[in-house]
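The values are calculated or read from the model by the stated rules, or taken from the named source; none is laboratory data. Quick caveat: nothing in here was measured; it's all calculated off a predicted structure. Virtual Cβ from ideal backbone geometry, glycine too; neighbours counted across all protein chains shown.
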Amino acid sequence: MKSMIHLSILLLLLHFHPLHGQTNPDTTQKIIPDRENVRSNYDKSYVILISIDGFRHDYMEKHKADNLLNYSKKGVRAEALIPSFPTFTFPNHYTIVTGQHPKNHGILANHFYDEMRQEYYSMRLSETIKDGTWYHGIPLWVLAEKQKLLTASFYWVGSEADIEDTLPTYYYSYNESIPIDRRIEEVKNWLALPQNKRPHLITFYFPEVDQAGHRYGPHSHETRQAVQWVDSAISQLVREVDKTGLPVNYIILSDHGMTKIDPGNKVELPQELDRDQFIIPPGAEIVHLFAKDKNNIPSAYQLLSKNAAEQYQVFLKEDLPEFFIGDNKNVRNRIGDIVVCATWPAVISLSDRDPNPGGHGYDPREVPDMNSIFLAWGPDIKSGIRIPAFESIHVYPIITTLLDLEITHSIDGNESIARKIIRDNSKK
């Protein structure tokens, strides 16, 4: 009963609120008391990690992000950042800060069902957002704080959750009510704190480009405006931070790209499929079906397979490709008995609503529009180089190297990119 109530609330929220929308937002800063940098960390470098949600790999040139183009010439630019599959916001933001694929860290979508817990996780439900038991892996801020290096977050997936009983020292609950000038001023204030209280890792997040891409499509005037607005805001942030004189390294990236959806290419699940026999979390590019009675799986799979065409593929859980499913039993509970994956540019329709003109969630190996950006510059970053595309799992070791943090656990990424882009004469 609890899970069905959660589903009803979730569907209402999805219907009435735009992406990442929020009512009655909490705009107060949260500060964890009695924390300090240990003295041996005082002289370590600083990293500001900025995500521009939905910023496709070609948007800088396509939509004339002149400031970002200039920054890319000062430091390192990758041909693209390759997201993990599935290419959704929550899985990939959490991949970036854990160095693990979704199949290992457990955040498989923005909204998903856990069969063992009999509960839904949703980016709309504060009770799941803030519950650290949903999250596996060790986010960068958790790793840093446990090594007595303070961190701050102006939004990031997982930053409001008590993962391993640890939150960033300074953080905000996600909301879109705080104007950009105030957010930039807060970053400057953090960096003006005394050395024992000053954060060395700051995460910062922009939703605007993703929102425009969904609503108007990746090629629209509105998306160009959003790109240029964010481009200007980042330039303002850099100017203010530069006034501190601190050795700050910047990393700018995105969780995924954006592609044009074909609204007329909607996949309808067969009418003969009795949806009441399944728990079906919201989805468009990927839909999971959890059978209430496992005896119904073979007939439903056969029905879906019979109707499968160029619009979608259908898999039994045990037949999913390796890149989709791992050995983590806690993650396996979040994968449906049957999984339906739309083939680009088709989308799966679970309601009467027309799909947005822009979307993501597809396999980046098949749909290059899913690829995003990676830029880095600063005193510890090599200048004026361009590197091939690489997977987002490798961002974690870049940041741990810059901050001189010890990775104390297993991750999917490695230090190959860090070795390419960090200066040999740095302190690392």
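Filtering 338, 407, 385 for residues that are closer than 29 Å to residue 138 by Cα and touching a helix residue (DSSP H, G or I) at 6+ places or on another chain (Cβ under 8 Å) leaves a single hit, 407. Can you find a residue that is of a type in the set (S, T, N, Q) and either over 26 Å from the mean Cα position of the chain (by Cα) or loosely packed, with under 15 Cβ neighbours inside 10 Å (or both) anywhere in the stretch 240-258? Among the residues of the stretch 240-258, at least one is of a type in the set (S, T, N, Q) and either over 26 Å from the mean Cα position of the chain (by Cα) or loosely packed, with under 15 Cβ neighbours inside 10 Å (or both), which makes the answer yes.
Remark: residue 279 falls outside the filter, which requires a residue to be outside the structural domain of residue 352 (by TED's automatic domain parsing) and in contact with a strand residue (DSSP E or B) (Cβ under 9 Å, 6 or more places away or on another chain).
Output yes when any residue across the stretch 348-366 is among the aliphatic types (A, V, I, L, M) and more than 22 Å from residue 81 (Cα to Cα), and no when none is. Within the stretch 348-366, one or more residues are among the aliphatic types (A, V, I, L, M) and more than 22 Å from residue 81 (Cα to Cα). Looking across 404, 363, one residue alone is more than 16 Å from the chain's Cα centre (by Cα), assigned to a loop (DSSP other than H, G, I, E, B) and among the acidic types (Asp, Glu). It is 404. For the stretch 225-237, indicate whether the set of residues that are in contact (Cβ under 8 Å) with a residue 40 or more places away in the chain and within 25 Å of residue 346 (Cβ to Cβ) is non-empty. No; the residues of the stretch 225-237 include none that is in contact (Cβ under 8 Å) with a residue 40 or more places away in the chain and within 25 Å of residue 346 (Cβ to Cβ).
Mind listing just one residue for me: the one in the stretch 409-426 that is within 23 Å of the chain's Cα centre (by Cα) and part of a loop (DSSP other than H, G, I, E, B) and, of those, surrounded by the most Cβ atoms within 10 Å (Cβ to Cβ)? Applying the filter and picking the extreme gives 413. When you look at residue 153, is it among the small types (Gly, Ala, Ser), assigned to a loop (DSSP other than H, G, I, E, B) and either within 17 Å of the chain's Cα centre (by Cα) or at pLDDT 95 or above (or both), yes or no? In short, no.
Screening residue 330 on (1) part of a helix (DSSP H, G or I); (2) closer than 22 Å to residue 349 by Cβ; (3) touching a residue at least 24 places away in the same chain (Cβ under 8 Å) shows it passes everything except condition (2).
When the stretch 172-223 is filtered for residues that are β-branched (Val, Ile, Thr), closer than 14 Å to residue 52 by Cβ and out of contact with any strand residue (DSSP E or B) (no Cβ under 6 Å at 6 or more places or on another chain), the ones remaining, listed by number, are 180, 223. If the condition is being closer than 13 Å to residue 132 by Cβ and in a strand (DSSP E or B), then the stretch 157-191 contributes 163, 166. Under 13 Å from residue 141 (Cβ atoms) and in contact (Cβ under 8 Å) with a residue 60 or more places away in the chain, is that true of residue 163? Considered against the rule, which asks whether it is under 13 Å from residue 141 (Cβ atoms) and in contact (Cβ under 8 Å) with a residue 60 or more places away in the chain, residue 163 comes out as no.
Across the stretch 78-109, which residue is nearest to residue 288 (Cα to Cα) among those that are in contact with a Phe, Trp or Tyr (Cβ under 9 Å, 6 or more places away or on another chain), of a type outside the set (Gly, Ala, Ser) and surrounded by fewer than 23 Cβ atoms within 10 Å (Cβ to Cβ)? Ranking the qualifying residues of the stretch 78-109, first place goes to 90. Looking only at residues that are assigned to a strand (DSSP E or B) and under 21 Å from the mean Cα position of the chain (by Cα) in the stretch 259-278, which one is surrounded by the most Cβ atoms within 10 Å (Cβ to Cβ)? Filtering the stretch 259-278 for residues that are assigned to a strand (DSSP E or B) and under 21 Å from the mean Cα position of the chain (by Cα), the one surrounded by the most Cβ atoms within 10 Å (Cβ to Cβ) comes out as 259. Out of curiosity, is residue 158 under 19 Å from residue 48 (Cβ atoms), out of contact with any Cys (no Cβ under 6 Å at 6 or more places or on another chain) and at pLDDT 95 or above? When the stated conditions are applied, residue 158 passes them. Assess whether residue 320 counts as being over 20 Å from residue 83 (Cβ atoms), touching a strand residue (DSSP E or B) at 6+ places or on another chain (Cβ under 8 Å) and either modelled with pLDDT under 80 or of a type outside the set (Phe, Trp, Tyr) (or both). So residue 320 does not fit the description; no. Could you please find all residues in the stretch 279-298 being without any contact (Cβ under 8 Å) to a residue 24 or more places away in the chain and not in a loop (DSSP other than H, G, I, E, B)? Of everything in the stretch 279-298, those that are without any contact (Cβ under 8 Å) to a residue 24 or more places away in the chain and not in a loop (DSSP other than H, G, I, E, B) turn out to be 295, 296, 298.
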